[in-house]
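The values are calculated or read from the model by the stated rules, or taken from the named source; none is laboratory data. All values derive from a computational prediction rather than experimental measurement. Cβ: placed from backbone, ideal geometry, glycine included. Neighbour counts: every protein chain shown. For accessibility, only protein heavy atoms count, side chains too; no ligands or nucleic acids. Shrake-Rupley method; radii C 1.70, N 1.55, O 1.52, S 1.80 Å.
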Amino acid sequence: FMLRQAAETTFRSTAVALYGSKRRTHSIRSLKRVNHRLATQLNDIFAGGSPDEERLLQLLEDAYLGARYNPDYQISEQEVRSISSRVLRLLELAEAFFFAERTTAIRIYRKTRLNSLLRDARTAEKNY
């Protein structure tokens, strides 16, 4: 359940950062699809195309309801390890993505601010 929450929150936060709006879904597949063009680094997590990746993603999707409401819900230790390694990688990639985005935004702000200060200085010099 907690791995599922971590994956959902990460994909949701990325969507909010990229698009400025919250997606109203709990589906990791849907949230992943929303981010696939602008956060391409995250596409490798549960990449699809492989039956094993699809099965692991489905297990993660099912964990939300299964772990909470189905007393017969089961998942093997190996499956938990496989999902865990993918979610950990997702968190690492998202952190790197946000760091890169923030660094770019700071650079743009500094350049814009510097240009503004230079323009103000030139204007003041002309008026003096």
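Just a few scattered comments:
- Some residue of the range 35-47 being farther than 19 Å from R89 by Cβ and not aliphatic (A, V, I, L, M): yes
- Counting the residues of the range 1-59 that are among the basic types (K, R), free of Cβ contacts under 8 Å to residues at least 12 places away in the same chain and either more than 15 Å from I83 (Cα to Cα) or open to solvent by less than 40 Å² (accessible area, probe 1.4 Å) (or both) gives 5.
- T40 being out of contact with any helix residue (DSSP H, G or I) (no Cβ under 6 Å at 6 or more places or on another chain) and modelled with pLDDT under 80: yes
- Screening F98 on (1) farther than 17 Å from A15 by Cβ; (2) surrounded by 13 or more Cβ atoms within 10 Å (Cβ to Cβ); (3) touching a residue at least 12 places away in the same chain (Cβ under 8 Å) shows it passes everything except condition (1).
- Subset of the range 61-95 that is among the hydroxyl-bearing types (S, T, Y) and over 21 Å from R12 (Cα atoms) - its residue that is least open to solvent (accessible area, probe 1.4 Å): S82
- Taking the conditions (1) farther than 24 Å from H26 by Cβ; (2) among the aliphatic types (A, V, I, L, M); (3) modelled with pLDDT of 85 or more in turn, L90 satisfies each one other than (1).
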